[in-house]
Amino acid sequence: MDVLVLIGRILFVLVFLPSGVQHLVQSKAMGGYAASKGIPAPVAATVLSGLVLIAGGLSVLLGIWADLGALLLAVFLFPTAVLMHNFWKESDPQARQTETIMFLKDVGLGGAALMLLAFFSYVGHELGLTLTGPLFHIG
């Protein structure tokens, strides 16, 4: 089971780590998009969200308080879905469809992050191939 969970952790963070790096490397361009969505201090928010993505992704990947990392990712994903992918505000059908897909992707990944939070917290130190046990203890 440990190897399957490790493979799942690696595959799960593949979307977050490169995205976090892009948030930092292209913070001005991505901040412009955030500004168009009405996000206050958009460049700072872009940098902060990039740091959250990298910290959460590395935490899950390396198994360093992986439950906290999963929580960080969920805390990023749910507000991002609502604030950045508000499909209900789009009048263009193609834009609405794209934002709907992105919204549902973020909500689905957020749900998976919550499941990982519960899993890592519940299994605790029994899960192998991690550097630390959980920070939280659920169950």
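The values are calculated or read from the model by the stated rules, or taken from the named source; none is laboratory data. Being a predicted model, the structure only gives us computed values, none of them experimental. All Cβ positions, glycine included, derive from the backbone under ideal geometry; neighbour counts span all protein chains shown.
Summary table below
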quantity	calculated
Count - residues of the range 2-29 that are without any contact (Cβ under 8 Å) to a residue 24 or more places away in the chain and surrounded by fewer than 16 Cβ atoms within 10 Å (Cβ to Cβ)	10
Matching entry among 123, 43 (being surrounded by 15 or more Cβ atoms within 10 Å (Cβ to Cβ), closer than 22 Å to residue 11 by Cβ and either over 18 Å from the mean Cα position of the chain (by Cα) or at pLDDT 95 or above (or both))	123
Members of the range 93-139 found to be charged (D, E, K, R) and out of contact with any helix residue (DSSP H, G or I) (no Cβ under 9 Å at 6 or more places or on another chain), listed by number	126
Filtered residue count, the range 1-25, keeping only those that are out of contact with any helix residue (DSSP H, G or I) (no Cβ under 8 Å at 6 or more places or on another chain) and either polar (S, T, N, Q) or farther than 22 Å from residue 128 by Cβ (or both)	2
Identity of the residue in the range 27-86, in a helix (DSSP H, G or I) and of a type in the set (S, T, N, Q), that ends up farthest from residue 128 (Cα to Cα)	36
Residue count for the range 55-68, restricted to those that are under 25 Å from residue 26 (Cα atoms) and more than 9 Å from the chain's Cα centre (by Cα)	5
Every residue from the range 85-120 that is surrounded by 14 or more Cβ atoms within 10 Å (Cβ to Cβ) and under 14 Å from the mean Cα position of the chain (by Cα)	102, 103, 105, 106, 107, 109, 110, 112, 113, 114, 116, 117
Selection within the range 98-137 - small (Gly, Ala, Ser) and in a helix (DSSP H, G or I)	108, 110, 111, 112, 113, 118, 121, 124
